[in-house]
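Reviewing the structure listed below.
The values are calculated or read from the model by the stated rules, or taken from the named source; none is laboratory data. This is a predicted model, so every value here is computed, not measured. Methodologically, a virtual Cβ is constructed for each residue, glycine included, from the backbone with ideal geometry; neighbour enumeration extends over all protein chains shown. Calculation scope for accessible area: heavy atoms of the full protein, side chains included, ligands and nucleic acids excluded. Shrake-Rupley method; radii C 1.70, N 1.55, O 1.52, S 1.80 Å.
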Amino acid sequence: MKTILRLAVLAFAGIATLAFAGNALATQKLSVNQSTTSLTIKVSQAQSDAQPAKISIYVPTGYSINASAAPGTKIGSTTGTVFSRDASIPLPLSGDVVVSATSDAPTCDPVPHLAVWNLALSVAGQNITLPVHVDQLAGPEAALGAYKLVVCLAPDDVPVGTPGRSPNGARLLDATFTVNSIFTVPAGQSIWKTITTPWAGGAPNAAGTVETRAFVANGTATLAKKVNAGRRLVKFTGKVTQAGTAVSGAKVSLLVNGKTAGFSARTNASGNFSIVLKKTGKKTTSTFQARTTVAERDITTTGCTSPTPNIPGGCVSATASAFTAVSAKIRIRL
């Protein structure tokens, strides 16, 4: 078992750029979540998808990257999963994100780098390093963003013993990394794009290249009231949106004096909701707010309507980032 684990982990040792599946990448996905101090990127695919040869994650224009940290500085954390095809077992990975020297250039991205971040991973006591190369963009490629993050993987679909084969046939399933105090986040919605080229028979399969997207934006929740003082009834109405687009199916809770009081509703297809509250007992003055926490959502139908030109496989998936929103306070005496 130790040998299996060691070989599967070493599959990453020859990695040069993060890339994904082969001929059918419909399950591949990009997820991005951010705050004012941290940013998390996740790429994932199904076990049936081909091994990536190269993934380029494009950082939208408007972001800036702090590349001043010295080599050896820990700037975040990382987790991931690979599947050993030869042993038929999944293997979890975890570790730190550590700044490295910029002189290391993989064959799939042989250009000067703004920064290099090593994903210092470990599993079953074995250590491996997966470099993420940060490139500043210029020329026609700058239409896709301000920077790109690049990583490469070794092929797993060639015979055992083939030079450069991913040891034990290890295939990437997912990789997540979070960096702290590195990205300056712009206001408003941002659209992250990833261009992925898979392996096929030991060679990069340009015809299988696809695009995935992640839409990142804060959400909003509004709250309005209509009071029937005689019947001591209040009808609360509001709407949940993200980047101006209605969010349906979101659970909205009514906060009374800042605390959850057990009153909630779901938004309809237009993002609207309503909650009716009847007051009993002594008259009091209370504050009310609407609060919602929305998980990441698949928005491929709308998010891939205008794919990046000249990508053979087109745009195969799009996600909208998770968010929590709280409305302004409403004060009522009832």
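Cβ-Cβ distance of residue 261 and residue 136, R₀ of 51 Å, FRET efficiency by 1/(1 + (r/R0)^6): the value works out to about 0.50.
When trypsin sites (Lys or Arg not before Pro) are flagged only if DSSP places them in a loop and at most 11 other Cβ atoms lie within 10 Å, the longest unflagged stretch of the chain comes out as 1-230.
Take the convex hull of the alpha carbons in the range 204-286; its mean projected area over all directions comes to 8.5 nm². Nearest 0.05, what FRET efficiency do residue 111 and residue 68 give at R0 = 25 Å with Cβ-Cβ as r? Using R0 = 25 Å, I get an efficiency of 0.80. Between residue 246 and residue 162, the C-beta separation translates, for a Förster distance of 51 Å, into a calculated FRET efficiency of about 0.50. Heavy-atom surface analysis with a 1.4 Å probe gives the chain a carbon and sulfur content of 53 percent of its accessible area. What is the diffusion coefficient of the range 28-68 in µm²/s, taking the Kirkwood radius over Cα pairs and the Stokes-Einstein relation at 37 °C with a viscosity of 0.692 mPa s? D, rounded to a whole number, is 259 µm²/s. Using amide H atoms built 1.01 Å from N in the peptide plane, name the residues 5+ places from residue 115, or on other chains, whose amide H lies under 5 Å from its own. For residue 115, the qualifying residues are 134. Whole-Hz Karplus values for the range 168-183 come out as 6, x, 5, 10, 5, 9, 7, 8, 10, 9, 10, 10, 10, 6, 10, 9 Hz, taken residue by residue from phi with 6.51 cos²θ - 1.76 cosθ + 1.60 and θ = phi - 60°; glycine and proline positions read x.
Kindly provide log₁₀ I(q)/I(0) values, in the same order as q = 0.22, 0.28 Å⁻¹, from the Debye equation applied to equal alpha-carbon scatterers of the range 143-213. Computed log10 I(q)/I(0) values: -1.11, -1.42. Amide H contacts under 5 Å for residue 38: 181, restricted to partners 5 or more places along the chain or on a different chain, H placed in the peptide plane at 1.01 Å from N. Electrostatic bookkeeping for residue 258 treats Lys and Arg as +1 and Asp and Glu as -1; over the other residues with beta carbon under 11 Å from its beta carbon, the sum is +3. Label separation (residue 306 vs residue 235): 3.9 nm, computed from points 7 Å beyond Cα along the C-beta direction.
The residues packed around residue 236, meaning those with a beta-carbon under 11 Å from its beta-carbon, carry a net charge of +3 if Lys and Arg are +1 and Asp and Glu are -1. Backbone amide hydrogens, once placed in the peptide plane, bring residue 219 within less than 5 Å of 324, excluding anything fewer than 5 places away on its chain. Only helical runs count toward this figure. For the chain, summing -39,500 (n - 2.57) over DSSP H runs of n ≥ 4 and dividing by all residues gives -1000 deg cm²/dmol at 222 nm. Equivalent ellipsoid of the range 218-334: semi-axes from √(5λ) of the C-alpha gyration tensor, largest first, are 38, 12, 10 Å.
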